[in-house]
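Below is one structure, written out as structure tokens, with a few remarks after it.
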Amino acid sequence: MTTPTINYDETSDTLYVSFAPGEHATGIELSDHLLLRINKEDGRAVGLTIFEYSLVAQSTEVGPRSFPLSGLTELSAELRELTLEILRRPPVSDFLSLSGYSPSAFETVPITTVRPLPAAA
């Protein structure tokens, strides 16, 4: 696997991560803060865009800031499962930590936390 290309735009506070530069991809809006680009045929991540990066990567007084992946509800069951599978493994899992919030015994809401960037990035 190649090393991801990471670019940060300070003006828009957006972090761009490319796992396969120049490759055609389908964009999936996971939340207001996250856009995942995937190759559906190969079932792999092509890129990740994190909007308002300085906010979502910032810890709170009780720990890492988490937010729901509300965009998953808009996807077909097949695309939702593929997206969750991609989120669970590298290279995306190197940047996002996936977990679940259970408001009841019968419901789980997928949530994520942005992992700190390596010092070299």
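When the residues of the range 6-23 are filtered to those that are over 17 Å from VAL114 (Cα atoms) and in contact with a Gly (Cβ under 9 Å, 6 or more places away or on another chain), the one that is least open to solvent (accessible area, probe 1.4 Å) is ALA20. Filtering the range 59-68 for residues that are in contact with an Asp or Glu (Cβ under 9 Å, 6 or more places away or on another chain) and open to solvent by less than 70 Å² (accessible area, probe 1.4 Å) leaves a non-empty set. Examine the range 56-79 for a residue that is among the aliphatic types (A, V, I, L, M) and more than 29 Å from HIS24 (Cβ to Cβ), and state whether such a residue exists. Within the range 56-79, one or more residues are among the aliphatic types (A, V, I, L, M) and more than 29 Å from HIS24 (Cβ to Cβ). Among what's in the range 72-87 and is of a type outside the set (A, V, I, L, M) and part of a helix (DSSP H, G or I), pick the residue that is farthest from ILE111 (Cα to Cα). Applying the filter and picking the extreme gives GLU78.
THR2 passes every criterion in (1) modelled with pLDDT of 95 or more; (2) out of contact with any strand residue (DSSP E or B) (no Cβ under 9 Å at 6 or more places or on another chain) apart from (1). Return a yes/no flag: does the range 54-64 have any residue that is of a type in the set (Ser, Thr, Tyr), under 20 Å from SER99 (Cα atoms) and not in a loop (DSSP other than H, G, I, E, B). Yes, that holds for at least one residue. Candidates in the range 33-53 are the residues that are without any contact (Cβ under 8 Å) to a residue 24 or more places away in the chain and assigned to a loop (DSSP other than H, G, I, E, B); of these, the one that is least open to solvent (accessible area, probe 1.4 Å) is ASP42. Test GLY22 against the stated conditions and say whether it is at positive phi and either under 15 Å from the mean Cα position of the chain (by Cα) or at pLDDT below 95 (or both). Taking the combined requirement at face value, the residue satisfies it. When each of LEU72, LEU79, LEU117 is tested for being in contact with a strand residue (DSSP E or B) (Cβ under 9 Å, 6 or more places away or on another chain), touching a residue at least 40 places away in the same chain (Cβ under 8 Å) and over 25 Å from SER12 (Cβ atoms), the lone residue that passes is LEU79. Among the residues of the range 88-116, the ones that are in a loop (DSSP other than H, G, I, E, B) and either open to solvent by 50 Å² or more (accessible area, probe 1.4 Å) or farther than 22 Å from LEU55 by Cβ (or both) come to 7 in all.
The values are calculated or read from the model by the stated rules, or taken from the named source; none is laboratory data. These figures come from a predicted structure and were not determined experimentally. Quick reminder, even Gly has a Cβ in these numbers, built from the backbone with ideal geometry, and neighbours come from all protein chains shown. Protein only, heavy atoms only, side chains kept; ligands, DNA and RNA dropped before computing areas. Shrake-Rupley method; radii C 1.70, N 1.55, O 1.52, S 1.80 Å.
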